[in-house]
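The values are calculated or read from the model by the stated rules, or taken from the named source; none is laboratory data. A quick note: this is a predicted structure, and the numbers were derived from the prediction, not measured. In this analysis, Cβ positions are derived from the backbone assuming ideal geometry, glycine residues included, and neighbour counts consider all displayed protein chains.
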Amino acid sequence: MSYQHVRLERVGATRVVTIDNPPVNALHPDVAADIERAAREVEEDTTARSMILTGAGRCFVAGGDIRYFTEIDRRGAADMALRVQRMQNALFDLRVPVIAAVNGHALGGGLELLLSCDFAIADEQAKIGVTEVQLGLIPGAGGTQMLFSALPVGTAKRLLFTGDRLTATEAARIGLVDQVCDEGKAVEAALDVAARINSAGPLAVEAAKRSANYRLRHSLDEGHRREVEIFAALFETADHREGIAAFLERRAPAYERR
């Protein structure tokens with residue numbers, strides 16, 4: 001499958017999707033469509049165990065495409081936001097974990113995209129924030145909703161109301177970013193984490209993501225019930241039996257995703 005605005009590569013069992021829309025990887029709907037298509041391709045690749053999303057150049061995603069904003073009306077804005085939300089849902093619901101390797105600024109739509117990934121590793125020079133109010137707008141692709149899953153209410157509202165730009169270190173301190181690394185090392189650090197994910201039981205990792213995401217959308221009681229269902233189903237898998245046998249025999253497991 002060919003793409004205009006992203007590159008899709010393989011590093012072992014990890015698929016790396018690189019957004020490449022110079023100069024700042026602005027999130028035009030066509031860029032979102034390419035990211036969604038790449039995610040669908042990863043979903044169908046049963047040999048893939050993890051995915052990394054990053055950007056080319058100095059930005060992860062510097063925000064929405066401002067020039068495109070001047071070409072659309074209210075209906076066009078709603079259509080654009082829904083298309084971006086659909087792409088982000090594809091990442092959130094993806095079978096395998098998605099790591100955001102934040103190589104540079106993640107502002108506006110870039111932060112919304114980061115929040116759609118399972119966790120983020122950022123270069124130290126990256127600036128991160130929901131900056132839409134500085135353009136007379138609000139986040140339209142889930143930012144006013146997803147921030148409250150990641151942050152305390154007051155912190156989320158402060159960022160939404162001010163449009164403040166955080167350093168990567170500040171973003172890590174409040175929990176928006178999981179790890180900060182030296183400049184230019186985000187993808188390398190993400191690959192290190194992905195390698196550890198890839199060595200675990202693939203069906204178990206997929207189940208863990210499915211169960212965790214269910215909790216984000218439902219009550220604690222419902223989450224507990226769903227967790228039991230997912231946990232119990234793994235006892236019927238060959239991978240579970242292999243994991244237990246390998247542990248007892250003190251050897252590395254050979255998982256086959258079945």
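Here are a few things to note about the model shown:
- The number of residues in the stretch 147-190 being part of a loop (DSSP other than H, G, I, E, B), closer than 24 Å to LEU137 by Cβ and either free of Cβ contacts under 8 Å to residues at least 40 places away in the same chain or of a type in the set (Ser, Thr, Tyr) (or both) comes to 4.
- Candidate set from the stretch 212-258 (those that are assigned to a loop (DSSP other than H, G, I, E, B) and in contact with a Ser or Thr (Cβ under 7 Å, 6 or more places away or on another chain)); member that is surrounded by the fewest Cβ atoms within 10 Å (Cβ to Cβ): ARG258
- Some residue of the stretch 38-54 being among the β-branched types (Val, Ile, Thr), over 25 Å from ASP192 (Cα atoms), part of a loop (DSSP other than H, G, I, E, B) and touching a residue at least 12 places away in the same chain (Cβ under 8 Å): no
- Restricting attention to the stretch 116-138 and to residues that are surrounded by fewer than 24 Cβ atoms within 10 Å (Cβ to Cβ) and among the aliphatic types (A, V, I, L, M), the residue that is nearest to the chain's Cα centre (by Cα) turns out to be ILE138.
- Exclusive hit being of a type outside the set (Gly, Ala, Ser), modelled with pLDDT of 95 or more and over 17 Å from SER116 (Cα atoms), set ARG37, ARG83, ARG75: ARG75
- Options LEU91, LEU113, LEU159; residue that is within 14 Å of GLY63 (Cα to Cα), assigned by TED's automatic domain parsing to the domain that holds LEU191 and hydrophobic (A, V, I, L, M, F, W, C): LEU113
- Restricting ASP34, ASP30, ASP79 to residues that are assigned to a helix (DSSP H, G or I), among the charged types (D, E, K, R) and surrounded by 20 or more Cβ atoms within 10 Å (Cβ to Cβ) narrows the list to ASP34.
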